[in-house]
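What follows is calculated from the coordinates using simple rules that are stated; it is not laboratory data. Values in this document were obtained by computation on a predicted structure and should not be read as measured data. We place every Cβ from the backbone using ideal geometry, glycine too, and count neighbours over all the protein chains shown.
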Amino acid sequence: LDEDADGSLVCDGDCDDTDPLKGPGVAEICDGQDNDCDGVADEGCLTCDRIVPADHATIDEAVAAASSGDLICVAPGTYTEHVTFGAVDVHLVGLGGTQGTRIVGNGSRRCMSMGTSLTAATVVEGFTLTGGFDNAGGCINIGGSPQIRDLVVAECESANDGGGVYIETGSGASLSDIVVRDCMAPGNG
């Protein structure tokens, strides 16, 4: 059983199967706890301004409520939603990385949309985006100049271009360590 639904079992080293913020491979947050179950608390920890779902029920709610420069930490788990980045630059990190933190588009909407006014101060990292569908960018549509890294984009579909990822014309986005697989589009991408 995986009581906290973080993808880690006690037999695999999960030191607290009731808390999704604790498990092997979970990023350390500055909370006085041993989040990654290695016996040491807070080594190289992240100072989160907002934590999903502890502070906000959804990732989209956290992004909408954030102030420029906020670090939004997302606990390991699966989140079925559409995350919209407006004009506020934030750092969004999946604490379970691509293996443990998933955003699912539920087949009727893309997982993430990033506005054209975003700068390089916007960072998204440590997620798997899957199950999205939209007109341009089945999983993610990127405008502006955000930094996107350590992402898996899988099993998404577009009605036109960008089965998994669509980058708007004029975007200065920086992408690194991105895996795109099993995505479909009848047009480009």
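Brief remarks follow.
- Normalised by 2.2 N^0.38 Å, where N counts its residues, the alpha-carbon radius of gyration of region 1-148 equals 1.03.
- Extension gain from Val179 to Asp19, taking 0.36 nm per residue of separation minus the Cα-Cα distance: 54.7 nm
- 12 Å beta-carbon shell around Gly107, net charge (K/R +1, D/E -1): -1
- Summarising the amide proton neighbourhood of Gly77: residues at separation of 5 or more, or on other chains, whose placed amide H is nearer than 5 Å comprise Thr101, Arg102.
- Considering only Leu129, Met184, Asn106, and ranking their Cα positions along the charge dipole of the chain that arises from unit charges at the beta-carbon of Lys, Arg, Asp and Glu, the one farthest toward the positive end is Met184.
- Rounded to the nearest 20, the Cβ-based charge dipole of the chain about its Cα centre (Lys and Arg +1, Asp and Glu -1) stands at 1060 debye.
- For region 105-189, the Cβ-based charge dipole about the Cα centre amounts to some 120 debye (Lys, Arg positive; Asp, Glu negative; other atoms uncharged).
- Choice from Ile178, Ile29, Ile167 with maximal GNM fluctuation in the chain (Cα, 10 Å cutoff): Ile178
- GNM remark for the chain: springs join alpha carbons under 10 Å apart, and the peak mean-square fluctuation among Leu175, Leu129, Leu151 falls on Leu175.
- Span from the region 161-189 Cα centroid across to the region 62-135 one, whole angstrom: 15
- Efficiency of FRET from Cβ geometry, Glu3 and Ala159, R₀ 30 Å, rounded to 0.05: 0.15
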